[in-house]
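See structure below.
The values are calculated or read from the model by the stated rules, or taken from the named source; none is laboratory data. Note that the structure is a prediction, hence the values are computed from the model and not measured. All Cβ positions, even for glycine, are placed from backbone atoms using ideal geometry, and neighbour counts span all protein chains on display. In case anyone asks, the SASA skips ligands and DNA or RNA and just uses the protein heavy atoms, side chains included. Shrake-Rupley method; radii C 1.70, N 1.55, O 1.52, S 1.80 Å.
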Amino acid sequence: MAEKIKEYTNGEITVVWKSQACIHSGVCLKALPNVFNLKQKPWVNMEADSTDKIIDVVKKCPSGALSYYKNKEGKTGITFGEDVTIKVLNGGPLLINGKIKLIHDENEIETGEVTALCRCGASKSKPFCDGKHLLVKFEKE
């Protein structure tokens with residue numbers, strides 16, 4: 001399945017949303033409901049709050065499904081493998097902090113700052129976590 005990537009801009013920054021990486025934690029929806037709102041189309045309204053607040057919330061995305069870049073700098077300067085850490089979440093995914101290149105089904109995927117990989121096997125977005133571990137009551141440490 002091809003990854004769905006959407007971009008939203010306010011002229012200053014562009015927020016990138018990778019739908020397959022999203023674990024639907026709701027962090028963005030709770031933190032800035034005027035910007036991130038599933039009841040509106042498009043669901044991201046970049047004009048609804050300040051650039052600094054949007055950046056702050058995007059950085060808190062636990063799966064890395066949301067990322068951003070400054071329009072003046074563009075998408076250049078991406079580095080991979082520097083200061084990468086992997087955290088095993090009790091009953092949840094593997095959280096990889098740091099940009100990596102992930103090879104899945106012979107496709108190379110460049111990740112954002114945080115990537116959540118499925119451990120329970122129930123995700124419909126493998127290798128990424130989609131939050132199904134909550135439904136299947138996955139309890140591995």
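Observations
- Estimated distance in nm for a label pair at SER50 and LYS124, the labels positioned 7 Å out from Cα along Cα-to-Cβ: 3.9 nm
- Estimated FRET transfer efficiency when R0 is 22 angstrom, pair ASN34-LEU89 (beta carbons, to 0.05): 0.15
- Basic side chains Lys and Arg get +1 at the Cβ, acidic Asp and Glu get -1 at the Cβ, and with that the dipole of the chain about its Cα centre reaches some 480 debye.
- The Kirkwood radius of the chain, taken over pairs of alpha-carbon atoms, gives through the Stokes-Einstein law at 37 °C and 0.692 mPa s a diffusion coefficient of 209 µm² s⁻¹.
- A simple spin-label model places pseudo-atoms 7 Å from Cα toward Cβ; at SER25 and VAL136 they are separated by 2.1 nm.
- Mean ellipticity per residue at 222 nm, deg cm²/dmol - from DSSP H runs of n ≥ 4 across the chain, formula -39500 (n - 2.57): -3000 deg cm²/dmol
- Accessible-area value, LEU94, 1.4 Å probe, nucleic acids and ligands omitted, Å²: 50 Å²
- Label zone of LYS72 (point 7 Å out along Cα→Cβ, amide N under 18 Å): in region 21-58 this covers 50-56.
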